[in-house]
Amino acid sequence: MTPSTSSLWYVVQTKPRQERLAAAALELLWRTPTFLPEVIQPQRGRRTLAPLFPAYLFVQADLAQTPLSGLNATPGVVRVVEVGGRPQPVPAAVVEALRRRVEEVNEAGGLPTHPFRPGEVVRIARGPLAGLEAVFLGPMRPAQRVRVLLNFLGGLTEAEIEVEALAQPPPAERQRVRRTRGRGRRIRRP
């Protein structure tokens, strides 16, 4: 079915790991086009397609024709995302730009990978902070930047850095920094 001219794109929150089920159900039951941005990501030693925004997808619907309660009752769907109690439309240009960007990322081989794990000591290999050691905090998806914790000028500072600027320190210098005291109790650092 071709969407009507009054059809707008909306963000739909899905149940965890049920994005494909929700997209298929929306298309089948309500005849609404959906867009589930999926990118190539490493998972368990191989590269697979995974949602770029876990538990979210886009649906194009005319809410005058398709009841919001019906969309929310679709299998796999939690709700259509609302702002101020009203479904917030997403401009079609944004959806198309996202669609093009996802295609570019997948043609380039997927999201970039790195060997670093949260809590691991890393060395900054290039840039103005070259030579400093930091604690790897984690990736900032879907960008190619990561967060690190630096001991800089006598204090701990969180910084964003290109993943390509990081290197593993020699094996003797690697250590894992504890982040919890056990049972999820976080260690507070000054």
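What net charge is computed for the residues neighbouring Leu63, neighbours being all others with C-beta under 15 Å from the C-beta of Leu63, Lys and Arg scored +1, Asp and Glu -1? Working shown, then result.
Details: positive: Arg31, Arg79, Arg86; negative: Asp62, Glu82.
Summing Lys/Arg as +1 and Asp/Glu as -1 gives +1.
What number comes out for the charge environment of Phe35, summing +1 per Lys or Arg and -1 per Asp or Glu over other residues with Cβ under 14 Å away?
That sum, taken over residues with Cβ under 14 Å, equals -1.
How high is the relative contact order of the chain, given as a whole-number percent (alpha carbon pairs under 8 Å, six or more residues apart)? Provide the component values of the computation, followed by the final result.
Values: 318 pairs, mean separation 34.1, N = 190.
Worked out over the chain, it gives 18 percent.
According to a simple spin-label model (label point 7 Å from Cα along Cα-to-Cβ), what is the distance in nm between Leu132 and Leu149?
For the pair Leu149/Leu132, the computed spacing is 1.5 nm.
Is it possible to state the helix-based mean residue ellipticity at 222 nm for the chain, with each DSSP H run of 4+ residues giving -39500 (n - 2.57), the sum divided by total residues, to the nearest 500 deg cm²/dmol? What is it?
So the helix-based figure for the chain works out to -5500 deg cm²/dmol.
For Ala165, what is the net charge nearby, where nearby means another residue's Cβ is under 15 Å from its Cβ and Lys, Arg count +1, Asp, Glu -1? Don't skip to the answer; put the middle values down first.
On the way: positive: Arg123, Arg126, Arg145, Arg147; negative: Glu133, Glu160, Glu162, Glu164.
Here the count lands on 0.
List the relative contact order of region 8-107 as a percent without decimals, with contacts defined as Cα pairs under 8 Å and 6+ residues apart. Walk me through the numbers on the way to the answer.
Details: 162 pairs, mean separation 40.5, N = 100.
This gives 41 percent for region 8-107.
Subtracting the Cα-Cα distance from 0.36 nm times the residue separation, let me have the gained length for Val78 to Arg181 in nm, one decimal.
Details: separation 103, 0.36 × 103 = 37.08 nm, distance 3.48 nm.
Taking 0.36 nm per residue and subtracting the Cα distance, the gain is 33.6 nm.
Output the relative contact order of region 1-50, whole-number percent, from Cα pairs under 8 angstrom with separation of 6+ residues.
Values: 29 pairs, mean separation 12.2, N = 50.
Rounded, it is 24 percent for region 1-50.
For mean projected area of the Cα convex hull in nm², the choices are [x] 10.4; [y] 15.2; [z] 13.2; which was calculated from the structure?
[y]
Bear in mind these aren't lab numbers, they're just calculated from the coordinates by the rules spelled out. If you're wondering where the values come from, they're calculated on a predicted model, not measured in any experiment. Counting neighbours? That spans all protein chains shown, and the Cβs are built from the backbone with ideal geometry, glycine included.
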